[in-house]
Amino acid sequence: PCVLNAANEVAVAEFLKDNVGFIEMSDIVEQCLQKIAFIKSPTYEDFVNTDKETRIHAMELIK
């Protein structure tokens, strides 16, 4: 859920700025879900780091 949420927030924000198309949003989320590692029992720090890593990766996909 952390990866899904972070990728979605970036994708929607960039869609609202007309930087990505509607269909591209799901592609960005999917690619982030495939790239970012799943942590079975995450700590709070894991959530924070995963959120940051996902947002960086999503923005790299948009550029």
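The values are calculated or read from the model by the stated rules, or taken from the named source; none is laboratory data. None of the values given here were measured: they were computed from a predicted structure. Glycine also receives a Cβ, built like all others from the backbone with ideal geometry; neighbour counts cover every protein chain displayed. We work out accessible area using only protein heavy atoms, side chains counted, and drop any ligands, DNA or RNA first. Shrake-Rupley method; radii C 1.70, N 1.55, O 1.52, S 1.80 Å.
When residue 7 is tested against (1) modelled with pLDDT of 95 or more; (2) over 18 Å from residue 63 (Cα atoms); (3) of a type in the set (A, V, I, L, M, F, W, C), exactly one condition is not met: (2).
In segment 54-63, the qualifying residues are those that are more than 14 Å from residue 1 (Cα to Cα) and part of a helix (DSSP H, G or I), and the one that is most open to solvent (accessible area, probe 1.4 Å) is 60. Residues in segment 11-42 that are β-branched (Val, Ile, Thr), over 14 Å from residue 1 (Cα atoms) and open to solvent by 40 Å² or more (accessible area, probe 1.4 Å): 12, 23.
Annotation: residue 5 fulfils all but one of (1) surrounded by 16 or more Cβ atoms within 10 Å (Cβ to Cβ); (2) assigned to a helix (DSSP H, G or I); the unmet one is (1).
Within segment 25-48, which residues are in a helix (DSSP H, G or I), hydroxyl-bearing (Ser, Thr, Tyr) and farther than 26 Å from residue 14 by Cβ?
Answer for segment 25-48, where residues must be in a helix (DSSP H, G or I), hydroxyl-bearing (Ser, Thr, Tyr) and farther than 26 Å from residue 14 by Cβ: just 44.
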